[in-house]
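Step one of this worksheet: look at the structure below.
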């Protein structure tokens, strides 16, 4: 298979990388960039474990060819929060017990992030629709929904959810 | 320094003309890719079989929704999310908007395109019955010719269309509906998100100036035949009649009788026939209420 070179910005960093025409974006992210927070579940766009944000939209990275991401701006779970400081959404997931095995969590958090960006005060129905592309098999949907509500409340409060320092 | 020794088979031209040249040169050897939400599933375990790709993502004019000379023109690369969010689609083609909003999940709607949905030609393709109900025509381009084909002529079987290897679906053209046009969209599936439809119905009714007499009607269904279909007998029964005096039950029965569904993992033939009748009645009732609301 012939090679080609593509470039994109991922988590704020510019990357120029060699790949092949039929490499999936998911494999490039995990195997070449070693950003293993993005998971492969079904590989067919149904589970949402491979969710990333590309050019401002939620996408399933298992259904995108790496060269299709040439010139794109991508955020993976590694680009949310930083080191010891959790994003308010991540913090809410921890506090409400919305993480059990953790496999769906990166995708769920990115879906929540995107939802709250577009709709800072979602109803329960809107939350369900926002995470409808993400499966959780630990049956933790209620806690995930609670976490997103908590994050929404904090983000819309006066300090924008940034006030509290993490331990 | 990296030297390309083999020609690289990933094309992402910025102009339609260039895309058509590539298609003419490589034809069947390469796959046209739009959102990839069907193609990458189809080739999940055999991506290595594909020798090359023609990605349409850089062709800006294929991503536009615009009204031009009393027609709605939708570029083939318009995503389901774009359809869902467009004010013009919401205002003039609500059945299409609802169908787009019901597709897959946010992740799928952000990548999947109207052109991909059409060319993939699944009998269960969610946008296909609404497009047929709005009397859509597809503009197909090749280096040699330009063709305008109706939805009805385009689909010839499950996953089969008349599209030739050197042809590209560029645009979807819908006549602008009159002000007294009403529509209903019903999708039946086992869950709300990420479901391939068991059955879909797109009903579009145009009233005369009195807002009572039926001027035209298109009753189109998906997942009940090898291609999306229109039930033309409904038109014979409804056109020229006062909408208030129609026998909804009888119209539902006609839909049930005229479809030819199969048994599959999503539902049995009998189930689909029963449901087809019921959703037709529900759609007529929905239009009945919407029309009365406008009157009073």
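Condition check ((1) free of Cβ contacts under 8 Å to residues at least 60 places away in the same chain; (2) part of a loop (DSSP other than H, G, I, E, B); (3) within 23 Å of residue A:147 (Cβ to Cβ)) across all residues:
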site: A:28; (1), (2), (3): yes, no, no
site: A:31; (1), (2), (3): yes, no, no
site: A:37; (1), (2), (3): no, yes, yes
site: A:40; (1), (2), (3): yes, yes, no
site: A:44; (1), (2), (3): yes, yes, no
site: A:47; (1), (2), (3): no, yes, yes
site: A:53; (1), (2), (3): no, no, yes
site: A:67; (1), (2), (3): no, no, no
site: A:74; (1), (2), (3): no, no, no
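Going through segment B:129-143 one residue at a time, which ones are in contact (Cβ under 8 Å) with a residue 60 or more places away in the chain and under 25 Å from residue B:23 (Cα atoms)?
Scanning segment B:129-143 gives B:141, B:142, B:143.
Which of the numbered conditions does residue A:115 fail, given that it passes all the others? Conditions: (1) assigned to a helix (DSSP H, G or I); (2) more than 13 Å from chain B (Cβ to nearest Cβ); (3) surrounded by fewer than 24 Cβ atoms within 10 Å (Cβ to Cβ).
Of (1) assigned to a helix (DSSP H, G or I); (2) more than 13 Å from chain B (Cβ to nearest Cβ); (3) surrounded by fewer than 24 Cβ atoms within 10 Å (Cβ to Cβ), only one is false for residue A:115: (2).
Residues of segment B:207-222 being under 12 Å from residue B:241 (Cα atoms) and in a strand (DSSP E or B), which ones?
Once the filter is applied, which keeps residues that are under 12 Å from residue B:241 (Cα atoms) and in a strand (DSSP E or B), segment B:207-222 yields B:207, B:213, B:214, B:215, B:216, B:217.
Going through A:107, A:133 one at a time, which residue ends up being under 16 Å from residue B:107 (Cα atoms), assigned to a helix (DSSP H, G or I) and touching a residue at least 40 places away in the same chain (Cβ under 8 Å)? Steps first, answer last, please.
Numbers: A:133 fails: assigned to a helix (DSSP H, G or I).
Matching residue, one of A:107, A:133: A:107.
So residue B:33 fits all but one of (1) in contact with a strand residue (DSSP E or B) (Cβ under 8 Å, 6 or more places away or on another chain); (2) surrounded by 21 or more Cβ atoms within 10 Å (Cβ to Cβ); (3) touching a residue at least 40 places away in the same chain (Cβ under 8 Å); (4) within 9 Å of another protein chain (Cβ to nearest Cβ); what number is the exception?
With (1) in contact with a strand residue (DSSP E or B) (Cβ under 8 Å, 6 or more places away or on another chain); (2) surrounded by 21 or more Cβ atoms within 10 Å (Cβ to Cβ); (3) touching a residue at least 40 places away in the same chain (Cβ under 8 Å); (4) within 9 Å of another protein chain (Cβ to nearest Cβ) applied to residue B:33, the lone miss is (3).
Which one of these does residue A:101 not meet: (1) touching a residue at least 12 places away in the same chain (Cβ under 8 Å); (2) more than 15 Å from residue A:37 (Cα to Cα)?
The single condition residue A:101 does not satisfy is (2).
Within segment A:79-102, can one find any residue that is within 14 Å of another protein chain (Cβ to nearest Cβ) and under 14 Å from the mean Cα position of the chain (by Cα)?
Initially, segment A:79-102 is screened for residues within 14 Å of another protein chain (Cβ to nearest Cβ), giving none.
The answer is no, given that none of the residues of segment A:79-102 is within 14 Å of another protein chain (Cβ to nearest Cβ) and under 14 Å from the mean Cα position of the chain (by Cα).
Show the residue pairs meeting these rules: Cβ distance below 6 Å; 6+ apart or different chains; first residue within segment A:147-165 and modelled with pLDDT of 55 or more; second residue outside any helix (DSSP H, G or I).
Note: pairs meeting the criteria are A:147/A:98; A:154/A:161; A:155/A:161; A:156/A:120.
Quick one: in segment B:37-58, of everything that is assigned to a helix (DSSP H, G or I) and at the interface with chain A (Cβ under 7 Å from one of its Cβ atoms), which residue is surrounded by the fewest Cβ atoms within 10 Å (Cβ to Cβ)? First the steps, then the outcome.
Narrowing segment B:37-58 to residues assigned to a helix (DSSP H, G or I): B:39-42, B:47-49.
Of the ones still in play, those that are also at the interface with chain A (Cβ under 7 Å from one of its Cβ atoms) are B:40-41, B:47-48.
Details: B:40: 23, B:41: 15, B:47: 17, B:48: 10.
Only one residue tops the list, namely B:48.
Identify all residues within segment A:1-13 that are more than 11 Å from every other protein chain (Cβ to nearest Cβ) and either in contact with a strand residue (DSSP E or B) (Cβ under 7 Å, 6 or more places away or on another chain) or in contact (Cβ under 8 Å) with a residue 60 or more places away in the chain (or both); write none if there are none. Lay out the reasoning, then the answer.
Initial filter on segment A:1-13 (more than 11 Å from every other protein chain (Cβ to nearest Cβ)): A:7-13.
Of everything in segment A:1-13, those that are more than 11 Å from every other protein chain (Cβ to nearest Cβ) and either in contact with a strand residue (DSSP E or B) (Cβ under 7 Å, 6 or more places away or on another chain) or in contact (Cβ under 8 Å) with a residue 60 or more places away in the chain (or both) turn out to be A:7, A:8, A:9, A:10, A:11, A:12.
Restricting attention to segment B:249-261, and to residues there that are out of contact with any strand residue (DSSP E or B) (no Cβ under 9 Å at 6 or more places or on another chain) and exposed (fewer than 15 other Cβ atoms within 10 Å of the Cβ), which single residue is nearest to residue B:158 (Cα to Cα)?
Filtering first and then ranking leaves B:257.
Please state which of the following conditions residue B:65 fails to meet, knowing it meets all the rest: (1) modelled with pLDDT of 95 or more; (2) surrounded by 17 or more Cβ atoms within 10 Å (Cβ to Cβ); (3) within 14 Å of chain A (Cβ to nearest Cβ).
(3)
So which residues in segment B:200-240 are over 20 Å from the mean Cα position of the chain (by Cα) and closer than 18 Å to residue B:273 by Cβ?
Answer for segment B:200-240, where residues must be over 20 Å from the mean Cα position of the chain (by Cα) and closer than 18 Å to residue B:273 by Cβ: B:233, B:234.
The values are calculated or read from the model by the stated rules, or taken from the named source; none is laboratory data. All values reported here derive from a predicted model rather than from experimental measurement. Don't worry about glycine lacking a Cβ; one is built from the backbone with ideal geometry, like all the others, and counts go over all protein chains shown.
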